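The values are calculated or read from the model by the stated rules, or taken from the named source; none is laboratory data. From a predicted model like this one, the values you see are computed outputs, not experimental measurements. Here the Cβ positions follow ideal geometry from the backbone for every residue, glycine too, while neighbour counts run over all protein chains shown. Accessible surface is based on the protein model in full, side chains and every heavy atom, while ligands, DNA and RNA are left aside. Shrake-Rupley method; radii C 1.70, N 1.55, O 1.52, S 1.80 Å.
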Amino acid sequence: MRRRAMTESRPASSDTASRTAPLAVYSHVSTYRVPQLELQLYSPALKVDSKGPIAVFNDHDRLSGKVVLDWQAYHTGRLNIAIEGSFTYCEPSGVSSYSERKKHNFFNLSKIVNVSPPQINDSSRFFREAFRRRPSGSYISVKSPLMERSYPFEMSLPQGCRAGEELPSSFSPTDTEGDPFASSCEISYKVIVTWEPDASVGSTSHLEVPIILQSEGDFESKDAGLGASGDSWVEMPLKTERPIPIRCAVALPTSVTFCRSSSIPYFVVFTTTPRAPLLTREIAADSTISIALVRQITIQQPQMVFPLTPPPSPSRESPVRLLRRVAKSSSRLNLKRKRDGVVDFGDEFKDKPLPDLPLRTCFSEQKTIFSDFILGFAKRPRHHCEDGSHPTLEEQSSLPDGLHKGKIPLHKEMLPCIDWPGVSVKYYLDISVMNGIDDMRARVPVRIY
């Protein structure tokens, strides 16, 4: 396959075979060739790597271009243009030191173009060109520029209803061996074009072109902090198995959404109920705080449902008599429904699509990518006041007895959160405060993009 990229502005309407609405116009045109066909992709940006230029699209862009068939290709057939997204992951193969890389296709969008002989207004000129070029076989070979067999296409990528449910961006990890934040998983996309002629005399052609899909938002890499408003942080309580005179909570930014090149700030606080100074000093000195960031990956595939074997019909009754009896009972049931005023929903649900097949989990992994242990609560919270003023007794009594302030660093090589049918990548923050035999815990889902 030969690949070429051009950075000139080129409207799609310049295609001689384009008679429909104009396609999306982008500043880059990438050209890829195999025998019998040529693919041109229009993209807003290009990325050059060791394999050559790759078209880059945002998640709100329309993927457009055109396919040009060679003059030697058969005159009728079918073009199948598809976009495929795959998730590559490592699955243990039974040996502790080796793992097997597997690929799961989670997205497929296709379009079929039926190819028919070109229509020429000047029929005499068409036959003059045909006989001049001496056609061979059962089709006419026309190589005139006026007879370019080009077929434009355009496909819109699906959009998610909420944040985190959109089509995941391309992700290709670098060599970060030994980094606990790094992931060996990969998210890749490609455009697949297949030419299938109608006759056996023609040969098929297949072309696969990688593309890059990235998020449209330009995220800033800065840490979240305590804002001016009081609702910029949210507290979530830690739970224990038995009632104890201690209440613990973790405080996180309200959005609970973080960029991979930033960090996750958090607070862990505790309060004795009722207030007990001796117990407060004991907890502040002897408690163990545990913080862990956990990544969970789940891959699911449709599960084939086989119909149950029907019981054998009685052999004494003939098939004709059995069909007559079923038809008679059906007509009686319909007559009774009309007489009783029951609505027949048969016509309404006639064209209703079949329900989706149930999914089965074929791969599941839960990995702790960051953990930290802290002994005791080193700080006591204070109420921020203006110069020369003092907090009231009510404000002072509402403060917790102990506080731990921390920050979890993230990494740009982390796999982002994914919530797509068949592929799920989630992150959780596990918090634990141990005091003697009591263990107070909480698991908080966080979104990392």
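Points to keep in mind about this one:
- Checked against (1) of a type in the set (Lys, Arg); (2) at pLDDT 85 or above; (3) in a loop (DSSP other than H, G, I, E, B), Arg382 passes all but condition (2).
- For segment 246-259, the candidate set comprises residues that are out of contact with any Asp or Glu (no Cβ under 8 Å at 6 or more places or on another chain) and part of a loop (DSSP other than H, G, I, E, B); within that set, the residue that is modelled with the highest pLDDT is Val256.
- Leading residue by the ranking (farthest from Lys47 (Cα to Cα)) among those in segment 195-214 that are of a type outside the set (Gly, Ala, Ser) and crowded, with 18+ Cβ neighbours inside 10 Å: Pro197
- Figure legend. Inter-residue proximity from segment 265-281: first residues without any contact (Cβ under 8 Å) to a residue 40 or more places away in the chain, second residues open to solvent by 40 Å² or more (accessible area, probe 1.4 Å), beta-carbon distance below 8 Å, spacing 6+ or different chains. Indicated pairs: Thr273/Pro245; Thr273/Arg247; Pro274/Pro245; Ala276/Pro245; Leu279/Pro245.
- Residue list for segment 260-304, restricted to those being basic (Lys, Arg) and outside any strand (DSSP E or B): Arg260, Arg275, Arg281
- The strands (runs of 3 or more DSSP E) found wholly in segment 42-106 and carrying at least 1 residues that are open to solvent by less than 20 Å² (accessible area, probe 1.4 Å) and closer than 30 Å to Ser116 by Cβ occupy 52-58, 62-69, 77-92.
- Extreme residue, modelled with the highest pLDDT, among residues of segment 11-26 that are open to solvent by 50 Å² or more (accessible area, probe 1.4 Å) and under 20 Å from Ser156 (Cα atoms): Val25
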